[in-house]
Amino acid sequence: MGNLTFKTYLEELKKHTPYNFCEYSDNSIQRRIDKVLKDHKMTLEDLLHLTRTDEAFVENLVDEITVNTTELFRNMETWEHLYTKVFPNLKSKKNINIWHAGCSTGQEVYSNLILFNELGLLDKVKVVATDINQKVISNAKKAEYLYSAHQSSIQDYNEFIKKYNSNAHTFEHYCDMEKNTDKFVFKDFLKKKVGYMRHDLVSQDIPFYQKFDVIFCRNVLIYFNPELQMRIVRKFFDKLYDGGVLILGNHEALHGFFKTRFIRSGMVYTKSSTFQFKYK
Amino acid sequence: MMNRKASYYKSVVIGGSAGSFSIVSKILAGIKSDFRYPIIVCLHRLKHIRSGLLEGINLKSNLPVLEPFDKDNMEAGKVYLAPSNYHLFVEFDSTFSLSTEEVHNHSRPSIDYTFSSASTSFREKVIGIILTGANKDGATGMHEIHKKKGYTIVQDPLTCDVDTMPKAALQLFTPDQILSPDGIIEFLNNL
């Protein structure tokens with residue numbers, strides 16, 4: 001195994017574990033693995049050995065390889081667009097199905113629930129949230145965060161919501177602050193709206209029968225190569241109702257075929273039943 | 001250098017911290033509009049602030065400046081500015097990919113990441129330029145470009161507002177050239 005490369009390592013990982021990172025962007029997955037090797041002071045051969053023999057190590061490895069950056073109300077202008085232009089259109093629906101694919105530690109899940117409550121639509125909302133990483137799922141379920149790390153997003157939200165409705169609830173309405181610590185936790189009426197589950201977009205079929213009105217998948221596709229991106233977007237397309245929306249990260253884009261099947265407005269892509277030839 | 005064929009390089013990468021805005025503007029204003037390589041610019045920028053950096057740089061540039069989206073192709077004669085709050089990577093097929101992973105040297109975008117990925121993907125066919133800056137980010141990336149036999153230019157520390165960034169690079173290796181901003185413009189226009 002003298003000439004073990006990261007690509008052959010990924011093939012081995014795929015063979016021996018449920019995880020398949022073979023179609024991640026080359027440069028980015030290589031760098032993540034290099035980082036793991038550096039942090040653990042091990043060689044690729046050592047990593048392969050542990051991968052084959054130590055299940056707990058592999059779970060931890062997934063946590064280290066995947067990127068879990070998220071924020072409350074990340075890119076406020078996107079949320080503003082959703083609150084004013086997109087979500088009000090869902091009022092006439094009996095149920096509103098939402099999927100957060102790659103939910104990480106849950107900040108966007110709760111950001112979204114807050115907006116639906118402010119629109120008076122929380123009762124209609126059914127939310128599922130998935131991630132490949134079991135650790136972040138557990139944290140998302142707890143819904144416990146550090147105030148100092150989210151202070152500026154909270155202020156941004158409070159300013160935004162007051163601008164549209166002077167009687168709106170401020171952020172503080174939605175959580176319990178723990179005295180003498182830096183922690184806050186979202187209240188049960190939000191927490192109980194969400195069904196969390198571990199799910200790998202790449203290697204598992206979509207585990208839901210229902211279609212969705214809204215799918216969030218922000219800054220997840222950027223780690224995949226173009227072919228894999230296309231396959232995942234196809235799954236989202238099939239799982240959205242006509243007129244349903246897919247919400248991507250701030251600098252993500254749809255390429256190829258699906259560019260013509262969604263109408264884009266900012267980071268919000270609306271599934272269209274007709275081709276969009278004038279897309280730009 | 002002189003013997004290398006036309007269109008030898010695959011891209012020029014430029015890095016600096018927030019204070020290098022005026023130098024980057026000057027370079028892009030001085031560069032000829034028929035410049036035939038893609039230019040990738042990675043500047044440290046403040047999170048959460050819509051700084052108008054893109055608009056500012058576009059104002060004077062002779063070449064169109066844009067913030068690439070994930071998996072966009074790079075094209076000759078265009079300038080790509082690393083978007084705020086993302087790391088920008090160069091892939092083997094001359095596309096960009098983005099990442100929101102941890103900050104590196106307190107920075108996202110990190111100059112080291114952009115530079116190293118360009119050197120991994122394009123090897124000797126990269127020109128790396130490091131400008132004024134108050135952080136050592138970029139030095140390791142420049143060193144990577146140097147190790148893969150790419151061409152390296154460090155802004156002359158005497159012409160820098162803050163010379164931490166160029167000096168950190170100079171401590172790691174000897175670049176092909178140490179140039180003033182005017183020298184950099186002349187070099188690029190003679191490529």
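The values are calculated or read from the model by the stated rules, or taken from the named source; none is laboratory data. Note that the coordinates shown come from a computational prediction; the quantities given were computed from them, not determined experimentally. Every residue, glycine among them, receives a Cβ derived from its backbone with ideal geometry; neighbour counts consider all protein chains shown.
Just one of the listed residues (B:106, B:87) is farther than 24 Å from residue B:30 by Cβ and away from chain A (no Cβ under 11 Å), namely B:106. The one condition from (1) in contact with a Ser or Thr (Cβ under 8 Å, 6 or more places away or on another chain); (2) part of a helix (DSSP H, G or I); (3) of a type outside the set (D, E, K, R) that residue A:82 does not meet is (1).
Listed here are the residues, each with its yes/no results for (1) touching a residue at least 40 places away in the same chain (Cβ under 8 Å); (2) hydrophobic (A, V, I, L, M, F, W, C); (3) in contact with a helix residue (DSSP H, G or I) (Cβ under 9 Å, 6 or more places away or on another chain); (4) in a strand (DSSP E or B).
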{"residue": "A:120", "(1), (2), (3), (4)": "no, no, no, no"}
{"residue": "A:140", "(1), (2), (3), (4)": "yes, yes, yes, no"}
{"residue": "A:156", "(1), (2), (3), (4)": "yes, no, yes, no"}
{"residue": "A:161", "(1), (2), (3), (4)": "yes, yes, yes, no"}
{"residue": "A:176", "(1), (2), (3), (4)": "no, no, no, yes"}
{"residue": "A:203", "(1), (2), (3), (4)": "yes, no, yes, no"}
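Meeting the requirement of 3 or more residues that are among the polar types (S, T, N, Q) and within 12 Å of chain B (Cβ to nearest Cβ), the helices (runs of 4 or more DSSP H) wholly within segment A:21-72 are A:26-40. Looking at residue A:65, is it out of contact with any strand residue (DSSP E or B) (no Cβ under 9 Å at 6 or more places or on another chain) and modelled with pLDDT under 95? Spelling it out, it is not the case that residue A:65 is out of contact with any strand residue (DSSP E or B) (no Cβ under 9 Å at 6 or more places or on another chain) and modelled with pLDDT under 95. Figure legend. Inter-residue proximity from segment A:50-63: first residues without any contact (Cβ under 8 Å) to a residue 60 or more places away in the chain, second residues of a type in the set (Ser, Thr, Tyr) and assigned to a helix (DSSP H, G or I), beta-carbon distance below 7 Å, spacing 6+ or different chains. Indicated pairs: A:58/A:51. Quick one: would you say residue A:241 is buried (at least 18 other Cβ atoms within 10 Å of the Cβ) and either of a type outside the set (S, T, N, Q) or touching a residue at least 12 places away in the same chain (Cβ under 8 Å) (or both)? Spelling it out, it is not the case that residue A:241 is buried (at least 18 other Cβ atoms within 10 Å of the Cβ) and either of a type outside the set (S, T, N, Q) or touching a residue at least 12 places away in the same chain (Cβ under 8 Å) (or both). Answer with yes or no whether residue A:19 is within 14 Å of residue A:65 (Cα to Cα), within 21 Å of the chain's Cα centre (by Cα) and either in the same structural domain as residue A:219 (by TED's automatic domain parsing) or aromatic (Phe, Trp, Tyr) (or both). For residue A:19, the condition - within 14 Å of residue A:65 (Cα to Cα), within 21 Å of the chain's Cα centre (by Cα) and either in the same structural domain as residue A:219 (by TED's automatic domain parsing) or aromatic (Phe, Trp, Tyr) (or both) - is met.
Output yes when any residue across segment B:98-106 is closer than 19 Å to residue B:39 by Cα and either at pLDDT 95 or above or not in a loop (DSSP other than H, G, I, E, B) (or both), and no when none is. Yes. You will find that of B:79, B:126, B:65, the residue that is hydrophobic (A, V, I, L, M, F, W, C), more than 22 Å from residue A:32 (Cβ to Cβ) and touching a Gly at 6+ places or on another chain (Cβ under 9 Å) is B:126 and no other. Inspection of segment B:132-147 identifies no residue that is facing chain A (nearest Cβ under 10 Å) and in contact with a strand residue (DSSP E or B) (Cβ under 7 Å, 6 or more places away or on another chain).
If the condition is being touching a Leu at 6+ places or on another chain (Cβ under 7 Å) and surrounded by 17 or more Cβ atoms within 10 Å (Cβ to Cβ), then segment A:45-66 contributes A:47, A:48, A:51. If you go through segment B:57-84 and keep only what is among the small types (Gly, Ala, Ser) and either in a strand (DSSP E or B) or at the interface with chain A (Cβ under 9 Å from one of its Cβ atoms) (or both), you end up with just B:84.
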